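Read the structure below first, then the notes.
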Amino acid sequence: MIRKQVSLVLGLALALVLASCGSNNKDTEGKSSGKAGEQVVNVIAKGLTFEAPGKIPSGWTTFRFSNKSTMVHFALIEKLPEGQGIESQQREVAPVFQKGMDLLSAGDTDAAMAEFGKLPAWFGQIVYLGGPGLTSPGHVSEATVKLEPGTYLLECYVKTNGVFHSYNPDSTSYGMVHEFTVTADSSQQQEPTAQIAVEISSKTGFTMSGTPAAGRQTFSVTFVDQIAHENFVGHDVHVARLPEDADIDKLEQWMDWRQPGGLQTPSPVEFVGGLNEMPSGSRGYFTVNLKPGRYALVSEVPGIQAKGLLRTFTVE
C-alpha cells in the first residue's frame, strides 16, 4: 500500500504491491477513442481483472476507467525500474505483501516486518504517476497524465475478505495488475484544460478554486508536496458522493488501510473517480460526471479531517 519510498521496511513494503488492477493484453496497441487530438486508453475492470492495451504512445494520455465489476476499484499507474515487469512483481512482491498483511491482521507485527524485509531492492525504485481514482461499480471516470517511455503497471489494492485485489494465489494467472509499455511515439495530445483547480499538500490539505457543477467536470490536481503519511501512503484525491446520513468518521477510517475494514469492499460511500498519488511538483487531471448532491474530496491517508484532506462541496 505504500506508494513512496520510505526508510521503514514496512513503508517500503506497502508502497508497490498494493497498487494493482490490470489485464493481460500485453501486445495490443492503445488506440484513441476520444475526439481529435485526444489519446484515450480504455481500461475496463471486470471482476478482479483489467482489460487494457499493452502498448501506448508517450505524452499526455487520458485513461478512461469503466468499472463493470461489482466492487469498487482504482487503477494506479506505476513506472517500473528497467528490467522489471509483471512477472517479477507477481513473483517477488505480491506474495510477500499478502503474507505480511495476513500476519499484521493476526497481530504478529514482528513476523510481518520480517516478511516485508523479503521485498526486492527494486521495489523502492517504482514511481507512482496517478491514474483513475476510486470508482464504484457502474461508473466511468477519467485521469489524464503525462508519461515517458518505459514499462508500467496498472494496479488496484482494494481488499475483499482481507485479500488484496493485486494478489492471486493461483500462480497460473495474475491478480488485478496489468503491464503496459509506453513507446517513444508521441500521443500528440495537448495538456487538458480544467473547470476546477485543486492543490494538495501535507501541510495545508486540499485547496480548491472554482465551483463544481452538474455534468462532466475536469479537475486539475497539483501536488504541492508528497510525503509518506503514518500509514506509509502518499496523499491522493478521490471524489465521494455523500448520502444525507453520511458517517464522515466511518469514511475516514475506511480510507486508512490499517483500520478494520479499511479499503475493503464494499465501500461506505459511492466513489465517482479521482487521481492517484503523484510525485511532488507533479500535475495531473481527472474528469468525473457529477449529479446534484453533496460530495467530498478525500485522500487515502489517516486523519484526513484534521489534515484538511477531506473537503466537502455541494453540486446544485
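Neighbouring Cβ atoms within 10 Å as the yardstick, rank R91, R311 fewest first.
Ascending Cβ contact count within 10 Å gives the list R91, R311.
What ranking of S69, S141, S166 emerges when the number of other C-beta atoms within 10 Å of each C-beta is taken as an exposure proxy, fewest first?
Lowest to highest Cβ neighbour count: S69, S141, S166.
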* Asked: In percent, how large is the relative contact order of the range 196-315, given Cα pairs closer than 8 Å and 6 or more residues apart?
  -> 34 percent
* To do: Compare A94, A246, A143 in a GNM of the chain, Cα atoms joined below 10 Å, and give the one with the largest fluctuation.
  => A246
* Mind ordering 98-108, 205-215 by average Cβ neighbours within 10 Å, highest first? -> 98-108, 205-215
* Under the classification rounded if a/c is under 1.5, otherwise prolate if a/b is larger than b/c and oblate if not, where does the range 216-293 fall, given a ≥ b ≥ c as square roots of the Cα gyration tensor eigenvalues? -> oblate
* Any chance you could check the Cα centroid distance between the range 179-193 and the range 84-110 for me, in angstrom? => 32 Å
* To do: With runs of 4+ DSSP H residues as the only contributors, calculate the mean residue ellipticity of the chain at 222 nm using -39,500 (n - 2.57) per run, divided by the residue total and rounded to the nearest 500.
  => -4000 deg cm²/dmol
* Asked: When only Cα pairs under 8 Å and 6 or more residues apart are kept, what is the percent relative contact order across the range 26-172?
  -> 30 percent
* Using amide H atoms built 1.01 Å from N in the peptide plane, name the residues 5+ places from L310, or on other chains, whose amide H lies under 5 Å from its own. => F206
* Structure fact -> The relative contact order of the chain, taking Cα pairs under 8 Å that sit 6 or more residues apart, comes to a percentage of 22 percent
* How high is the FRET efficiency between N289 and S105 when r is their beta carbon distance and R₀ equals 30 Å, given to the nearest 0.05? -> 0.25
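Starting with the highest mean, order 186-194, 58-66, 70-78 by the number of other Cβ atoms within 10 Å, averaged over the residues of each peptide.
Put in order of decreasing packing, that is 70-78, 58-66, 186-194.
Just so you know, all these numbers are worked out from the coordinates, no wet-lab data involved. Source: prediction; values computed, not measured. Heads up, the Cβs are rebuilt from the backbone with ideal geometry, glycines too, and the neighbour counts pull from every protein chain shown.
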